[in-house]
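Heads up: the structure comes next, in structure tokens.
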Amino acid sequence: MTCSGAYADWQSYIDYWCMSCGDADEQNMINHALALAASDIHAHLAAANACDCTLAPWALVYVQKLNIIDAAVVYACKCGVRLSDEEKRMWLTWLDQQFAMIRSQKIELCSGATGSDWPAIGWAEQSLTELTAAHIIANAIQRAS
């Protein structure tokens, strides 16, 4: 995947917001707003080094949703959704949180990758006797050579 182009189209936009638009000019305006709004997503994907990976199947829908909401909040198309100032603030806060999680890789969008909150466990070798201490030292020497 590259960080270019919109993740949604005008039909996805009007379906998400339960609207009806049929005019070709309106469709072009929505597509243009989606392309501009996608640049926000591209910037955050690039910051997380996720521009060149294959997105996980769920992530494709997720970035489409981000694209649609971002376009509705930032751009006022003639046929677009009409959000109040309070709704815009709420959606912008939500978008900022999502973008922060993408940048910090708490949400990992690449297929097969795990986010920073993925549970992990590691074991440190611990010696309880002189014999196990010698075994740990021997293993460390073998790993280092």
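Please treat every number below as a calculation from the coordinates, not as lab data. Predicted model, so just to flag it, every value in this text is computed and none were measured. Don't worry about glycine lacking a Cβ; one is built from the backbone with ideal geometry, like all the others, and counts go over all protein chains shown.
Observations
- Residue of 93, 54, 129 that the Gaussian network model of the chain assigns the largest fluctuation, springs spanning Cα pairs under 10 Å: 129
- Charge dipole (the chain, unit charges on Cβ, about Cα centre) - positive-most of 93, 56, 141: 141
- Cysteines not pairable in the chain (beta carbon separation under 4.7 Å absent): 18, 77
- Nonlocal amide H pairs with residue 110, under 5 Å, H built at 1.01 Å: 56
- Under Karplus coefficients 6.51, -1.76 and 1.60, residue-wise ³J(HN,Hα) of the stretch 74-85 in Hz, glycine/proline x: 8, 10, 9, 6, 4, 9, x, 5, 9, 9, 6, 4
- Residues in the stretch 8-43 reached by a label modelled at residue 76 [backbone nitrogen below 19 Å; 7 Å Cα→Cβ]: 26-27, 29-34, 36-37
- Placing pseudo-labels 7 Å out from each Cα toward the beta carbon at residue 136 and residue 25 gives an inter-label distance of 7.6 nm.
- Label corresponding to Cα extents along the principal axes in Å when calculated from the structure given, among [x] 58, 30, 22; [y] 50, 25, 24; [z] 80, 31, 21: [z]
- Percentage relative contact order, the stretch 48-115, counting C-alpha pairs under 8 Å, at least six apart: 49
- Dipole magnitude for the stretch 46-97: computed about the Cα centre from +1 point charges on Lys and Arg Cβ and -1 point charges on Asp and Glu Cβ, it is near 200 debye.
- Sites residue 15 and residue 49, calculated FRET efficiency, Cβ-Cβ separation with R0 30 Å, nearest 0.05: 0.40
- In percent, rounded to a whole number, the relative contact order of the chain is 24, using alpha-carbon pairs under 8 Å and six or more apart.
- Gain in span if fully extended, residue 93 to residue 124, counting 0.36 nm per residue against the direct Cα distance: 7.0 nm
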